[in-house]
Each structure stands twice: as structure tokens, then as C-alpha cells.
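**Student:** Structure incoming, see below.
The values are calculated or read from the model by the stated rules, or taken from the named source; none is laboratory data. Keep in mind the model is a prediction, meaning the values are calculated, not measured. Neighbour counts are summed over all protein chains in view; Cβ atoms, including those assigned to glycine, are modelled from backbone coordinates with ideal geometry.
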Amino acid sequence: MSRIFTAEELLAYDGAEASKPVYIAVKGVVYDVSASREFYGKGGPYEAFAGRECSRALAIMKVDAAECNGNLEDCTEKQLKTLDDWIAKFNTKYTVVGKAAEPGSAEEADAATRRAAAKPGSSGKWQDEQVDMDEIRKTMMRQSPFTPGLLTTLVIVGLLTALAGYILYIDMTGQQPLEPHTEL
Ligand code: HEM
């Protein structure tokens, strides 16, 4: 029997921990994408998808955690076809490890109950808040246009511009006025 993941359980496989596999869900099917950790793992170009149901993001071709959900209601035929192409690719490339419980479904409630029962003594509340804060922080990092790479580039470009200006300045102030070439 394949495992059923709640959204919260799936998020535990977001690639943040190198020792854990990385999972993504597409149309409710959970794939183990650990083989492509360089894409979906921490710092990878598609880390926003890791640990999430990313059908919508794949359909509309947006690498954005905020678009990672199963809502395809307003998607065009072309976008739905794009999603089917992704699914075909994932089916040939990755192993299916389970199903994502539909939000609000009985399956999800069952999975959540099972999980709470497996951890006696934990209220769950404090942990939920931790996950939420982590999620917000990650989303903010992702949405900020000032990625560490961009900041480094800006600093280097700034330094080079200042250096070029300084050299130009030395060059201009150090240069003697040209003598008229009357004797040539
Ligand atoms: C400038 C735009 C982009 C470029 C140049 C680009 C390039 C690439 C390349 C070279 C790969 C590796 C392909 C492979 O080795 O199999 C890749 C994988 C991937 N791309 Fe993009 N990409 C772009 C935009 C996007 C966008 C907007 C999405 C949003 C859905 C996306 C989703 C993906 C996914 C999910 C994979 C991994 C597929 C897998 O697991 O095998 N890419 N991309």
C-alpha cells in the first residue's frame, strides 16, 4: 500500500536535510526526486517545488512556492498540456512513493490523526508554528530579488566602476597638456 502524505508531511521532504529524500507531488502523486537533488535540493533552481504539490507551478511554468498547489481551475488547455508533459517526464524518470492527501479530505484527516498518535506527548501546536515561520522565512527569501548571487555581482560591479573611475582620474590629472606639434 502506498503511503498517503498530508501537505505538512510532504514538506518534511523539501531537501533541507541532506540525509532525507526529496519528494515532490504532481496531481496528487508523490515522486522521489532525490536523484535530481541538484535541481530540487537546497539552493537548487527548483527548490521551491520540493516537498510540495507543484501541479499549478508546473502548468503555468512559474518557479514560485506561492504557486505550488493543486489549483488548475483557471489553467488554459495549453497549460494543462504542459503539466501532462511534465508528468510523462516524471513517470519515466522517478519512482512514485505515495499519494498526496487532498486538502480537507478524510484521507488527510486520517493521516494527520495517525501522525499525532505516533507522537504521544506532543501537542503539535508549537511544531506547527515552527513550520509556519520557517515557511514564511523561506518564501520571503525566495521572493526577494536580492539573492546572495545578485548582491555579490552588484558589489563587484560597484568596485570595478570605482576602480575604473579612479584610474581615469589619475590618468587625466597626471597627463601633461600636449605641446603644439609645430616643430614636427
Ligand atoms: C530561463 C529559463 C529556464 C531554463 C534555461 C531552464 C533550463 C533547465 C535545464 C537545463 C534543466 C535540466 C534538464 C535536464 O537535464 O533534464 C531544467 C530542468 C527543469 N526545469 Fe527548467 N529552465 C528554465 C525555466 C523553468 C521554469 C520557468 C520552470 C517552471 C516550471 C522550470 C522547471 C524545470 C523543472 C521542474 C526541471 C527539472 C526536471 C526534472 O526533474 O528532470 N524551468 N531546466
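Let's see how each residue does on (1) under 21 Å from ASP85 (Cβ atoms); (2) crowded, with 19+ Cβ neighbours inside 10 Å; (3) not aliphatic (A, V, I, L, M):
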{"position": "THR6", "(1), (2), (3)": "no, yes, yes"}
{"position": "SER34", "(1), (2), (3)": "no, no, yes"}
{"position": "TYR40", "(1), (2), (3)": "yes, yes, yes"}
{"position": "GLU53", "(1), (2), (3)": "yes, yes, yes"}
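**Student:** Anything in segment 24-43 that is under 25 Å from THR147 (Cβ atoms) and in contact with a Gly (Cβ under 7 Å, 6 or more places away or on another chain)? List them, or say none.
**Tutor:** Selection gives ARG37, GLU38, TYR40, GLY41, LYS42.
**Student:** Can you tell me which residue within segment 1-47, out of those that are among the polar types (S, T, N, Q) and away from the ligand (no atom under 15 Å from the Cβ), is nearest to VAL96 (Cα to Cα)?
**Tutor:** Among those residues, the one meeting the criterion is SER2.
**Student:** I want to confirm something. Restricting to segment 71-86 and keeping residues that are more than 11 Å from the ligand (Cβ to nearest atom) and under 20 Å from PHE5 (Cβ atoms), which single residue is surrounded by the fewest Cβ atoms within 10 Å (Cβ to Cβ)?
**Tutor:** Ranking the qualifying residues of segment 71-86, first place goes to ASN71.
**Student:** Can you find even one residue in segment 105-127 that is at pLDDT 80 or above, farther than 26 Å from TYR13 by Cβ and surrounded by 10 or more Cβ atoms within 10 Å (Cβ to Cβ)?
**Tutor:** Looking through segment 105-127, none of the residues is at pLDDT 80 or above, farther than 26 Å from TYR13 by Cβ and surrounded by 10 or more Cβ atoms within 10 Å (Cβ to Cβ).
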